[in-house]
Amino acid sequence: MSQTDLLIETPETAGEPKRADRRAFFASALGVAAAGIGAVARPGSAAAQSLSGELDAGNLILNLEYLQANFFAVATGGAVLGSADISGTGTAGAATGARAVAFGDAVLASIAREMAADALAHVKFLRESAGSNFRVAQPAIDLGATPTGGFSTLARTAGLVGSGAAFDPYASENNFLLAAYMLKDVSVTAYAGFLAYTSTRTFAEGVTGMLAVEAHHAAALRATLYRRGLATPSLIDASEAISNARDTLDGTTADLDQGVRPGTAASGAIVANIAPLAASGTGFTRTPQQVLNILYVNASTSATTGGFFPAGVNGNIKSTTPAPAPTPTPTPSGSPTASG
């Protein structure tokens, strides 16, 4: 298990001016990306097929961001996403079952609020990237604490609760941390895998930027779990159990996941495991189908519903059936996106 020897400190909440700058960058990038798509995507061309794959993968990520944005918003005392941010193609549904967490740790609460704001910004970016004709609607999302909900089913798969029992993500800060951890590491691997589908430079830059944000979020959660786990070892044990469950669900024999259990250096010093890494020091990626295996909490290669998405996700990628590897077409050097 690869580990990092530094425990990162919890970041401060980003101020609104910086957040506004980020949104302004995304907004300007969208105009260039849209112009590039119109310029290079002739119907039936290789570029058009590549851009279609990019939109399909982007819409799958949008489903994941709908899930995260609603979870963090309601858990921090806010409301589910408004109608202007969830409309689109496909079967629309509501995000149900979430409630506010009674935070006692002001720093953790502020970090969770930042995650809520960033997830909403990602929703807006991805929706604008797809455009009004191609963006998918928010599907039905189960954020509840019932025994059959997504969080409880994943917790049961991990052995954290018994048969027929429920896991309540909102009952305590530690439960909230574990629930957020269930989602965030998956999000990082999903974005990393999504890069294989990007064909327009500006959109690829936007996706890379969102990947960086998701990785920062995941590191903050992992660092907090590790720090709390030093006093409450069951949290570290739970992180390992969730990690093992995700590895079982994604249908591969590769170890694409790690909990926050620390290791030991040759000197005997404790080495933290904030960044889950391969032996090469690089992060992990998952295919869209592997991501759906986890979100549906179903290791089947033909699942189309379940877990956090009881009616399935919206878009062309909705099954866990393995798909051919993507072959994105590079944007021509003379296109409007090449210099953008």
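The values are calculated or read from the model by the stated rules, or taken from the named source; none is laboratory data. Because the structure is a prediction, the values reported are computed rather than measured. Quick reminder, even Gly has a Cβ in these numbers, built from the backbone with ideal geometry, and neighbours come from all protein chains shown.
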>> I'd like to know if region 77-100 contains one or more residues that are assigned to a helix (DSSP H, G or I), at pLDDT 95 or above, under 17 Å from the mean Cα position of the chain (by Cα) and crowded, with 19+ Cβ neighbours inside 10 Å.
In response: no
> Which one of the conditions (1) closer than 23 Å to residue 160 by Cα; (2) surrounded by 15 or more Cβ atoms within 10 Å (Cβ to Cβ) does residue 232 fail to meet, given that it meets all the rest?
Replying inline: (2)
> Right, residue 212: small (Gly, Ala, Ser), surrounded by fewer than 20 Cβ atoms within 10 Å (Cβ to Cβ), over 26 Å from residue 299 (Cα atoms) and at pLDDT 95 or above or not?
Replying inline: yes
>> Checking the conditions here, which among 238, 219 is closer than 17 Å to residue 155 by Cα, of a type in the set (Gly, Ala, Ser) and surrounded by 17 or more Cβ atoms within 10 Å (Cβ to Cβ)?
In response: 238
> In region 164-198, which residues are assigned to a loop (DSSP other than H, G, I, E, B) and touching a Pro at 6+ places or on another chain (Cβ under 9 Å)?
Replying inline: 164, 165, 166, 167, 198
>> I'd like to verify a number: residues in region 155-167 that are under 20 Å from the mean Cα position of the chain (by Cα) and either of a type outside the set (S, T, N, Q) or surrounded by fewer than 18 Cβ atoms within 10 Å (Cβ to Cβ) (or both), how many?
In response: 2
> Does any residue of region 215-229 turn out to be among the aromatic types (Phe, Trp, Tyr), modelled with pLDDT under 95 and either assigned to a helix (DSSP H, G or I) or over 15 Å from residue 122 (Cα atoms) (or both)?
Replying inline: no
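Residues checked against (1) in contact with a Ser or Thr (Cβ under 8 Å, 6 or more places away or on another chain); (2) of a type in the set (S, T, N, Q):
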{"position": "110", "(1), (2)": "yes, yes"}
{"position": "113", "(1), (2)": "yes, no"}
{"position": "119", "(1), (2)": "no, no"}
{"position": "128", "(1), (2)": "no, no"}
{"position": "139", "(1), (2)": "yes, no"}
{"position": "143", "(1), (2)": "yes, no"}
> Taking into account only those residues within region 241-260 that are β-branched (Val, Ile, Thr) and under 18 Å from residue 175 (Cβ atoms), which is surrounded by the most Cβ atoms within 10 Å (Cβ to Cβ)?
Replying inline: 260
